[in-house]
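These notes are about the structure you will find just below.
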Amino acid sequence: MNREVLLICVYCADWHTVRKVKYIPDEVRCPKCGAKAIGVAHPSQAHLVKLVKRWRKKRGKIRRSEMDELEKLKRTVGLVMTYGKKAIIALSARGIGPTTASKILSKYHENEEEFYADILEAEKEYLRTRPYWN
């Protein structure tokens, strides 16, 4: 809950913030336009703010690698719109992207402990397999 995340409104592209997960409300909305289209990224990916603005305002060409980053960010938007803060919690975990978060979030959890246990297992899997990714 102490991890920081970058939140970006992909609807208006005029709002972004870096916040600790514990300070994020259960229902996340853009304070400027009221949209729930909030993407989640790591704070080190601040370049995404400019990329989203370029994409929304249709200014300049977007390279293939940038489009891949945008697609990943848009997948986080869908998770946040569906699951709210729970999605942000899952996405803030080390090595958990939209695909893994989606698997965790779509699974039935009887209580919060099971939810956090699934996140921990995904983090362990990431740490175990990360050396082989390249």
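What the table shows:
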{"item": "Residue 28 being within 13 Å of the chain's Cα centre (by Cα) and part of a loop (DSSP other than H, G, I, E, B)", "result": "yes"}
{"item": "Qualifying residue in the stretch 108-128 (condition: within 16 Å of the chain's Cα centre (by Cα) and over 19 Å from residue 1 (Cα atoms))", "result": "no"}
{"item": "Residue 19 vs. criteria open to solvent by 20 Å² or more (accessible area, probe 1.4 Å), in contact with a Gly (Cβ under 6 Å, 6 or more places away or on another chain), over 25 Å from residue 130 (Cβ atoms) and not in a loop (DSSP other than H, G, I, E, B)", "result": "no"}
{"item": "Residue among 92, 102 that alone is touching a residue at least 60 places away in the same chain (Cβ under 8 Å), among the hydroxyl-bearing types (Ser, Thr, Tyr), farther than 16 Å from residue 9 by Cα and surrounded by 12 or more Cβ atoms within 10 Å (Cβ to Cβ)", "result": "92"}
{"item": "Residues (over 17 Å from residue 7 (Cα atoms) and outside any loop (DSSP other than H, G, I, E, B)) located in the stretch 55-89", "result": "57, 64, 65, 66, 67, 68"}
{"item": "Flag for residue 125 being open to solvent by 100 Å² or more (accessible area, probe 1.4 Å), out of contact with any strand residue (DSSP E or B) (no Cβ under 9 Å at 6 or more places or on another chain), farther than 16 Å from residue 42 by Cα and of a type in the set (Asp, Glu)", "result": "no"}
{"item": "Selection count where residues are closer than 15 Å to residue 77 by Cα and either of a type in the set (A, V, I, L, M) or surrounded by 12 or more Cβ atoms within 10 Å (Cβ to Cβ) (or both), scope the stretch 34-54", "result": "11"}
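The values are calculated or read from the model by the stated rules, or taken from the named source; none is laboratory data. No experiment lies behind these values; they were computed from the predicted model shown. All Cβ positions, even for glycine, are placed from backbone atoms using ideal geometry, and neighbour counts span all protein chains on display. Note: accessible area is taken over every heavy atom of the protein model, side chains too, but ligands, DNA and RNA are not part of it. Shrake-Rupley method; radii C 1.70, N 1.55, O 1.52, S 1.80 Å.
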